[in-house]
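Everything below concerns the one structure shown next.
Nothing in this text is a laboratory measurement; each read-out follows from the coordinates by a stated rule. These figures come from a predicted structure and were not determined experimentally. Cβ coordinates were reconstructed from backbone atoms using ideal geometry, including for glycine residues, and neighbour counts include every protein chain displayed.
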């Protein structure tokens, strides 16, 4: 029996929506009145950059555009492509543009260096092709500014569980999918949605794996559990987002949330030394002298993590996280250095003469006067350090007051 082409193609490749209304998620892009939708409905498309997490519809949308507007579709990946190959594609596109426009889709375009990205400047400027760059990363960090100015940037956001559930339902029922021939229970559906973690491509690949490995037309929960790892992907976006959630949880004095994000990062393969370094910063920025012991503890934790390594390092980090989450908080140290930096920028620093070597004879030695001497130490008149009167800061205020009263 002859194999159909559709049977060879992966499920995720077959299930490209026929209309914008069939796309799940991305309402900010595809809803009625949204600029991207209106542009397409008017039969127009401009070179663009699509960025966002994997499996959110960027590639599917590119293929939809090519079909909808009758473009010749050319796919390349910047990881294994080179500038010479790109130039040949552009040469052919320029030759054919009088009869048919080319849509060049460059996946992971950020892997081209900024100088390599220059190859796209003339063709996008002249309109020789329609370029679609696809990136997982925020393009403003890695993309050539000149190229970005020629592209319309659209952000694709992670899909919700409801979006993923809708894509799963369509895969099971549609003719391009399994046409209602495969049955799954609600528990299997829940497992698929959970493991997909907002990634439609991962969802469809998992479903296809289960179908190909199943004996009958019904997939059991037991078979699904054996096939799934239960793990969550951890990529560069997670690295930034989770450390942000982690720090904010510690700052917000929520040890449960902080420990949860700590476990997520460690399970995802995050470097425990990176987490320890961020805790050291937090110990000064968000705790400071409200509890000076926090910095001592986090520095010790950093050294211990480096000495012990994983998996035991997780226990050390747990101790530091719990302590920093539950102790007094104050950002007075952070605000103080920020205020000092601002003061430095407002006027040229001038050292009072009695603090210089030339005016040393006029300097009053504090230890000769009970530990404090009433003299000018800078030309700055404004108050820079402002105590939050939290934890040990109150005791420091008392000590400082007594020092100035010469009773320390």
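Things worth noting here:
- Each part gets one Cα centre, and for segment 206-227 versus segment 157-202 those centres are 13 Å apart.
- 178, 377 arranged by Cβ crowding within 10 Å, fewest neighbours leading: 377, 178
- Calculated mean residue ellipticity, 222 nm, the chain: -14500 deg cm²/dmol, from DSSP H runs (n ≥ 4) at -39500 (n - 2.57) each, averaged per residue and rounded to 500.
- For the chain, the longest principal axis of the alpha carbon atoms and the long axis of helix 332-346 meet at an angle near 90°.
- Share of pairwise Cα separations in segment 26-155, more than 26 Å, in percent: 15 percent
- Tail fraction, Cα-Cα pairs, segment 161-227, threshold 15 Å, whole percent: 45 percent
- Neighbour counting of Cβ atoms within 10 Å sorts the residues 369, 111, fewest neighbours leading, into 369, 111.
- P(r) tail for segment 30-85: Cα pairs beyond 14 Å make up 65% of the total.
- Length-normalised contact order for the chain - Cα pairs under 8 Å, 6+ apart - percent: 12 percent
- Here the ratio of the Cα radius of gyration of the chain to 2.2 N^0.38 Å is 1.39.
- Compared with the dominant Cα axis of the chain, that is its longest principal axis, helix 200-213 is turned about 50°.
- Cβ crowding within 10 Å ranks 291, 362 as 362, 291, fewest other Cβ atoms first.
- For segment 86-133 and segment 357-408, distance of Cα centres in Å: 66 Å
- Cα-based helix-to-principal-axis angle, 313-326 vs the chain, degrees rounded to 10: 60 degrees
- Separation of alpha-carbon centers, segment 246-273 and segment 274-348, rounded to whole Å: 14 Å
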